[in-house]
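In what follows, a structure is listed as structure tokens, so that the remarks can point back to it.
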Amino acid sequence: MDSGTSERERIEITLLLEGLYQLYGYDFRNYAFSSVRRRIWHRVHAERLPNVTALTERMLHDRETMNRLLADLTIHVTEMFRDPEVFLAFRQHVVPLLRTYPFIRIWHAGCSTGEEVYSMAILLKEEGLYDKTRIYATDMNERVLDLAREGVFPIDRMQTFTRNYMEAGGKDAFSRYYTARYDSVLFHSELKANIVFAQHNLVTDRSFNEFNVIFCRNVMIYFNKELQNHVHSLLYDSLSTFGVLALGTKESINFTRHADAYEELDAHSRLYRKMK
């Protein structure tokens, strides 16, 4: 690729992202460029278009094209009790703190299709804390939120989910939390009783409550430094003093503007406690 082509492509992508933000309100302008570029070209080829400009034109005039592009730009890689050592550490280090609270508010930011949220609901039930907890599960993508609300997952994933659950310190038979239906399973409605699913965009929306725990795992790895700092400020403002922040295992509070406000509860599992 010559320099002229490279510069032209960057301009095309910049215009597409600006159009996506101006017309639909989804802001990917500060996402890591290489990652965004790869996903945009995937959609260009899938739509059988010649270039990014053609995708921009179609996206601006056809909401379904925008929805398909949005699905490509928002990667949803998740599973029940993903990184089970994190949930085990949560039981060990955070649950004792939560027992001292009269009421608990937990925010799962970027909850995707809900596997992490249902994992937390199960953990809290087993620890006797669910009845005094309200879980807020948010994502920028309304379509994945609809899937999360349903609580239906492919049955062929249950073997992995069950293994994760046991490694996360599960105290019961995992199968007691769902009902199998042909090629899917439906998680029991009691797990949803204290969950609020809502659309929220970490990039453009403000803090909406004060929380004792915030899970924001594997979301910011796709952001550039400026956007990471923006989101860290949002999370800091949303977390109560002595509240707990859980990041992804490839993420860290280090080198952010709020790094000195936290102490490590578990460095390996990326669990931090806000001290000031």
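Counting only residues that are of a type in the set (Lys, Arg) and at pLDDT below 95, region 114-150 holds 1 of them.
Scanning region 127-162 for residues that are assigned to a helix (DSSP H, G or I), farther than 13 Å from Thr78 by Cβ and either in contact with a helix residue (DSSP H, G or I) (Cβ under 6 Å, 6 or more places away or on another chain) or open to solvent by 40 Å² or more (accessible area, probe 1.4 Å) (or both) turns up Tyr130, Asp131, Lys132, Glu142, Arg143, Asp146, Arg149, Glu150, Ile155, Asp156, Gln159, Thr162.
What tally of residues in region 226-276 results from selecting those that are within 19 Å of the chain's Cα centre (by Cα), farther than 16 Å from Gly110 by Cβ and crowded, with 19+ Cβ neighbours inside 10 Å? Residues that pass the stated criteria total 7.
Taking first residues from region 82-103 that are touching a residue at least 40 places away in the same chain (Cβ under 8 Å) and partners that are in a helix (DSSP H, G or I) and of a type in the set (D, E, K, R), the Cβ contacts under 6 Å between residues at least 6 apart in sequence or on separate chains come to Pro84/Glu167. Starting from residues that are charged (D, E, K, R) and modelled with pLDDT under 95, keep the ones in region 188-216 and report whichever is least open to solvent (accessible area, probe 1.4 Å). Ranking the qualifying residues of region 188-216, first place goes to Asp205. For region 54-110, the candidate set comprises residues that are of a type in the set (A, V, I, L, M) and open to solvent by 10 Å² or more (accessible area, probe 1.4 Å); within that set, the residue that is farthest from Arg149 (Cα to Cα) is Ala54.
The residue that is most open to solvent (accessible area, probe 1.4 Å), among those in region 163-177 that are part of a helix (DSSP H, G or I) and over 20 Å from Asp83 (Cβ atoms), is Arg176. Taken as a whole, the structure leaves Thr74 outside the set of residues that are touching a helix residue (DSSP H, G or I) at 6+ places or on another chain (Cβ under 6 Å), β-branched (Val, Ile, Thr) and modelled with pLDDT under 95. Which one is nearest to the chain's Cα centre (by Cα) among residues in region 52-100 that are basic (Lys, Arg) and within 20 Å of Gly128 (Cα to Cα)? Among those residues, the one meeting the criterion is Arg91.
The values are calculated or read from the model by the stated rules, or taken from the named source; none is laboratory data. Remember, it's a predicted structure, so these values are computed and weren't measured experimentally. Virtual Cβ from ideal backbone geometry, glycine too; neighbours counted across all protein chains shown. SASA here: full protein model, heavy atoms, side chains in, ligands and nucleic acids out. Shrake-Rupley method; radii C 1.70, N 1.55, O 1.52, S 1.80 Å.
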